[in-house]
Amino acid sequence: MAHHHGKADWTDDERVQRMAKSYNVRYDDAFWDTFDTLTSGESRSVVADFGCGPGLLLADVANRFNAHSAIALDESEQMLALAKTSLEERTNLQSIDIQHVNFDAETIRVDPDSIDFAFSGFMLHEVASPSDFVSQVYKHVKSNGIYVVYDFVSGNEEMFVKTMSEQGMSEEQARKRYPHMCKHSADDIVAILETSGFSNCRAQTIGEIRAVVVGLKR
């Protein structure tokens, strides 16, 4: 069941809390600098996070883009409960849509061409078919809307192991997780976005083991 390394974590309360606590490690200054380089700071009224986890990123993005609506989608009820609280407490959104969805098996229940900014963080390596998943996201993004993917990338196992060890994971555990969590290279992610219809795709790597990739829907 290597495929579900991550999914088991999503329903364990302690791990859900840990994910919320580690938010600033995963979404650090290097991430935001890269994010700002690849996205312009103009207002985007409808923002969505596919695989939103505890909702902290979605709240930050909603505030950054002066959004009036946020859509939080995740497979874990525990994560969605936290996301609802995060969005209610940290934003002044007019509308918060919380959706429980299994991205591998269910159709996403969002209007087509309705999202200005879509995001997936540490999510693409979890879905069974990244191309099918990104093609679904594409349908829901508006013309001139953007999709940002943030994930671990392949290419430097030692750096991944070192980074994970610094965050408290054992070396053995990190090596076991490397093939699963670093499934794609930055170029692979660009290719997945392009195949799904996104254009102007650009990628920037952070510390050799993470990448932020952005695609535009024309």
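The values are calculated or read from the model by the stated rules, or taken from the named source; none is laboratory data. Being a predicted model, the structure only gives us computed values, none of them experimental. Neighbour counts are summed over all protein chains in view; Cβ atoms, including those assigned to glycine, are modelled from backbone coordinates with ideal geometry.
Here is how the numbers come out for the structure above:
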{"quantity": "Search result, residues across the range 84-109 that are surrounded by 17 or more Cβ atoms within 10 Å (Cβ to Cβ) and among the small types (Gly, Ala, Ser)", "calculated": "86"}
{"quantity": "Identity of the residue in the range 110-138, farther than 17 Å from residue 190 by Cβ and aromatic (Phe, Trp, Tyr), that ends up surrounded by the fewest Cβ atoms within 10 Å (Cβ to Cβ)", "calculated": "122"}
{"quantity": "So residue 49, is it within 20 Å of residue 14 (Cα to Cα), within 17 Å of the chain's Cα centre (by Cα) and not β-branched (Val, Ile, Thr)", "calculated": "no"}
{"quantity": "Conditions (1) surrounded by fewer than 24 Cβ atoms within 10 Å (Cβ to Cβ); (2) of a type in the set (D, E, K, R); (3) touching a residue at least 40 places away in the same chain (Cβ under 8 Å); number of the one not met by residue 29", "calculated": "(3)"}
{"quantity": "Qualifying positions in the range 20-44 - at pLDDT below 90 and over 15 Å from residue 60 (Cβ atoms)", "calculated": "21, 40, 42"}
{"quantity": "Residues (closer than 18 Å to residue 23 by Cα and of a type in the set (Val, Ile, Thr)) located in the range 60-111", "calculated": "61, 85, 91"}
{"quantity": "Test for residue 98: is it out of contact with any Asp or Glu (no Cβ under 8 Å at 6 or more places or on another chain), closer than 21 Å to residue 141 by Cβ, β-branched (Val, Ile, Thr) and not in a loop (DSSP other than H, G, I, E, B)", "calculated": "yes"}
{"quantity": "From 177, 218, 210, residue being surrounded by fewer than 16 Cβ atoms within 10 Å (Cβ to Cβ) and of a type in the set (Lys, Arg)", "calculated": "218"}
{"quantity": "Exclusive hit being crowded, with 24+ Cβ neighbours inside 10 Å, small (Gly, Ala, Ser), assigned to a helix (DSSP H, G or I) and out of contact with any strand residue (DSSP E or B) (no Cβ under 6 Å at 6 or more places or on another chain), set 20, 59", "calculated": "59"}
{"quantity": "Test for residue 192: is it over 18 Å from residue 37 (Cβ atoms), of a type in the set (A, V, I, L, M), surrounded by 15 or more Cβ atoms within 10 Å (Cβ to Cβ) and touching a residue at least 24 places away in the same chain (Cβ under 8 Å)", "calculated": "yes"}
{"quantity": "Condition met for residue 81 (surrounded by fewer than 18 Cβ atoms within 10 Å (Cβ to Cβ) and either at positive phi or assigned to a helix (DSSP H, G or I) (or both))", "calculated": "yes"}
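Yes or no, residue by residue, for (1) touching a residue at least 24 places away in the same chain (Cβ under 8 Å); (2) under 30 Å from residue 69 (Cβ atoms); (3) within 15 Å of the chain's Cα centre (by Cα):
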{"position": "108", "(1), (2), (3)": "yes, yes, no"}
{"position": "113", "(1), (2), (3)": "yes, yes, no"}
{"position": "117", "(1), (2), (3)": "yes, yes, yes"}
{"position": "138", "(1), (2), (3)": "yes, yes, yes"}
{"position": "152", "(1), (2), (3)": "yes, yes, yes"}
{"position": "167", "(1), (2), (3)": "yes, no, no"}
{"position": "171", "(1), (2), (3)": "no, no, no"}
{"position": "185", "(1), (2), (3)": "yes, no, no"}
